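*Asks:* Just passing along the structure, written as C-alpha cells.
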Amino acid sequence: MFNILFIFQPILAFSAVGSMLIGGFNALKQVKIKRFIAFTSINQIGFILLGVSCSNLIGLISCIIYIILYAITGIIFFTILLNTEHLITKKIMVYLSDLYSFSIYNNDNSKYLIIAILSMAGLPPLAGFLGKLFLFFSAIQARLDITIFCSLLISIITTYYYLSFVRYIVFEKLYNLKLYYFIRKNKFNNILELLSIYLLLFIFFFKKKFIFFTSLSLSCIYPLIFY
C-alpha cells in the first residue's frame, strides 16, 4: 500500500501524536512496573506511526530500524524483570519501589537495565537515539511540522520518567532496602552483555550502512530551507 499511503497521512499523524500523548502522560502516574512498560510501549508505537505517516521510503526504513532496536531493549528489560525474585518470599518485582537497592545486589544486571532504559528514552549515543533521529529526519522531509513539534515536546516528558526509572535503580538504594536479585546469572548474563554492547556500539556494527543512511537522512533537511 506504499503508493496510496499518503492518503492516510493525516490519520496516521494524528494516531502517532495521540499514542505519544496517551502513553507519555499515563506512564507518569504509574507505580507498577508492568503498567509503566505498557504505557511506554504505547508511546513507542507513536514513534513508529510517525515514521509510517511520513509516507516515504526513509520513514518506512526508519520504522524497521526502530522496531529492531526497541525489540532488543525489550528483550534486555523483560529478561532481567522476569528472572529477578525476592531472596526470601521468591516473588518477582511488581512495583517501581521494588527497584530500590537493585544495583547493590545486581551490579552488572543493573547496568544492562540502565542501558536498555536510556536507549528507550532516546539519549545519545545509544541506539535508541539514532532510531528516533532517523524518524525525525524522515518527518522533516514529509514536512509534518506540527507533528514533529508535538513529538519533541512529548520526548521531553518521556525522558523525565525514564530517568526517574534509573533513579529508582541507582539513587534510591539508601532508602527502604529490597532483597531482590537476579536468579539466572549463568544462563543469561552473557546474552544481556552482548545485547547491551550492541545498543552502545550500534554505529560501529554497521558503519558503512550507517554512514549511507545518515547521509540520505540529512538530505531530507534541504527541503526545509526552502519551505
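Here, each number is a calculation from the coordinates, and none is a lab measurement. Everything numeric in this text was worked out from a predicted model, so none of it was measured. Note that we place each Cβ from the backbone using ideal geometry, even for glycine, and neighbour counts take in every protein chain shown.
*Asks:* I'd like the distance separating the alpha-carbon centroids of segment 88-149 and segment 11-43, in whole Å.
*Replies:* Cα centres, segment 88-149 to segment 11-43: 14 Å.
*Asks:* Dividing the convex hull volume of the Cα atoms of segment 11-222 by its residue count, what figure in Å³ per residue is obtained?
*Replies:* Taking only Cα atoms, segment 11-222 has a hull volume of 106 Å³ per residue.
*Asks:* How far apart, in nm, are two points set 7 Å out from the Cα along the Cα-to-Cβ line at I104 and at I4?
*Replies:* Between I104 and I4, the label points sit 6.1 nm apart.
*Asks:* Starting from the Cα of K90, step 7 Å along the direction of its Cβ; do the same at I75; then give the gap between the two resulting points in nm.
*Replies:* Inter-label distance under the simple model: 3.0 nm.
*Asks:* If you don't mind, another one. Please list 3J(HN,Hα) in residue order for segment 110-119, calculated via the Karplus relation 6.51 cos²θ - 1.76 cosθ + 1.60 where θ = phi - 60°; whole Hz, with x for glycine and proline.
*Replies:* In residue order, the calculated couplings are 5, 5, 4, 5, 5, 4, 5, 5, 5, 5 Hz.
*Asks:* Spelling out what I want: for every residue of segment 128-138, take phi, set θ = phi - 60°, compute 6.51 cos²θ - 1.76 cosθ + 1.60 (Karplus), and round to whole Hz; glycine and proline get x.
*Replies:* Ordered by residue, 3J(HN,Hα) equals x, 5, 5, x, 5, 4, 5, 5, 5, 4, 5 Hz.
*Asks:* Is there a pair in K29/K187; K34/K90; K32/K187; K91/K187; K111/K132; K34/K91 whose C-alpha atoms are over 24 Å apart, and which pairs would that be?
*Replies:* Violating the 24 Å Cα-Cα cut-off are K29/K187; K32/K187.
*Asks:* What residues have an amide H closer than 5 Å to that of K32, excluding those fewer than 5 places away on the same chain, when H is modeled at 1.01 Å from N in the peptide plane?
*Replies:* Here the answer is L96, since their amide H atoms fall under 5 Å of that of K32.
*Asks:* Please arrange L194, L133, L199, L144 by how many other C-beta atoms lie within 10 Å of their C-beta, fewest to most.
*Replies:* L194, L133, L199, L144
*Asks:* Please list, by residue number, every one of the trypsin sites (Lys or Arg not before Pro) in segment 1-53 that is coil in DSSP and has at most 15 other beta-carbon atoms within 10 Å.
*Replies:* In loop regions of segment 1-53 (DSSP not H, G, I, E or B), the sparsely surrounded trypsin sites (Lys or Arg not before Pro) are K29.
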